[in-house]
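Peer 1: The structure under discussion is supplied below as structure tokens; questions concerning it will follow.
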Amino acid sequence: MKAHILVVEDDAEIREGVSIYLKNQGYAVHKAANGKEGLEVLAQQNISLAIVDVMMPVMDGIELCKLIKEDV
């Protein structure tokens, strides 16, 4: 079974580059452009690891990590 990784990054080129690399390593990859989208993915998928940018619009990575931690 593949581990599911969430990449939360507002820069589309970086998000896509990291996603391609992880897919080539055999992971199932989910993508989000900001923390709010990341929370939506987390609610729908069984994510093993989240790679989160710190500075993003709508909801930054620090707020996302706080919300993830509260839910654990």
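The values are calculated or read from the model by the stated rules, or taken from the named source; none is laboratory data. Remember, predicted model here, so these are calculated numbers, not experimental data. Backbone-built Cβ (ideal geometry, glycine too); neighbour counts: all protein chains shown. For the accessible areas, the whole protein counts, side chains as well, though only heavy atoms, and no ligand, DNA or RNA atoms are used. Shrake-Rupley method; radii C 1.70, N 1.55, O 1.52, S 1.80 Å.
Peer 1: Under 5 Å between amide hydrogens, which residues at least 5 positions from Ala3 or on another chain qualify, with H placed 1.01 Å from N in the peptide plane?
Peer 2: Result for Ala3 returns Ala28.
Peer 1: In nm, to one decimal, how far is the Ser48 label point from the Gln25 one, both placed 7 Å along Cα→Cβ?
Peer 2: The answer from the label model is 1.1 nm.
Peer 1: Over the chain, average the accessible area per residue using a 1.4 Å probe and give it in Å², no decimals.
Peer 2: For the chain, the per-residue accessible area is 67 Å².
Peer 1: Let me ask another. At a 1.4 Å probe, what is the % contribution of carbon and sulfur to the accessible area of the chain?
Peer 2: 53 percent
Peer 1: What do you reckon, how do Leu49, Leu64 stack up by accessible area (1.4 Å probe), largest on top?
Peer 2: Order by accessible area, largest first: Leu49, Leu64.
Peer 1: Can you give the net charge of the other residues whose Cβ lies under 13 Å from the Cβ of Asp11, counting K and R as +1 and D and E as -1?
Peer 2: Residues close to Asp11 contribute a combined charge of -3.
Peer 1: Just to confirm a number: summing +1 for Lys and Arg and -1 for Asp and Glu over residues other than Val58 whose beta-carbon lies under 11 angstrom from that of Val58, what do you get?
Peer 2: Cβ neighbours under 11 Å give a net charge of -3.
Peer 1: For the range 38-51, just list the computed ³J(HN,Hα) in residue order, Karplus coefficients 6.51, -1.76 and 1.60, θ = phi - 60°, integers in Hz, with x standing in for Gly and Pro.
Peer 2: Once rounded to whole Hz, the list reads x, 4, 4, 5, 4, 6, 9, 10, 8, 8, 8, 8, 10, 9.
Peer 1: Go through [x] 1.04; [y] 0.92; [z] 0.95 and flag the label whose value is the computed Rg/Rh (Cα atoms, Kirkwood Rh) for this structure.
Peer 2: Calculated Rg/Rh (Cα atoms, Kirkwood Rh): the matching label is [z].
Peer 1: Tell me, what HN-Hα J-couplings in whole Hz come from the Karplus equation 6.51 cos²θ - 1.76 cosθ + 1.60 at θ = phi - 60° for each residue of the range 21-35, using x for Gly and Pro?
Peer 2: Using θ = phi - 60°, the values come out as 4, 5, 4, 5, 8, x, 8, 8, 10, 10, 10, 8, 8, 7, x Hz.
Peer 1: Rounded to whole Hz and in sequence order, give me ³J(HN,Hα) for the range 3-14 from the Karplus expression 6.51 cos²θ - 1.76 cosθ + 1.60, θ = phi - 60°, writing x for Gly and Pro.
Peer 2: Computed from phi, the couplings for the range 3-14 are 6, 9, 10, 9, 10, 10, 8, 7, 7, 4, 5, 5 Hz.
Peer 1: Given the rule -39500 (n - 2.57) for each run of at least 4 DSSP H residues, summed and divided by the residues of the chain, what is its mean residue ellipticity at 222 nm, to the nearest 500 deg cm²/dmol?
Peer 2: It comes out at -14500 deg cm²/dmol, rounded to the nearest 500.
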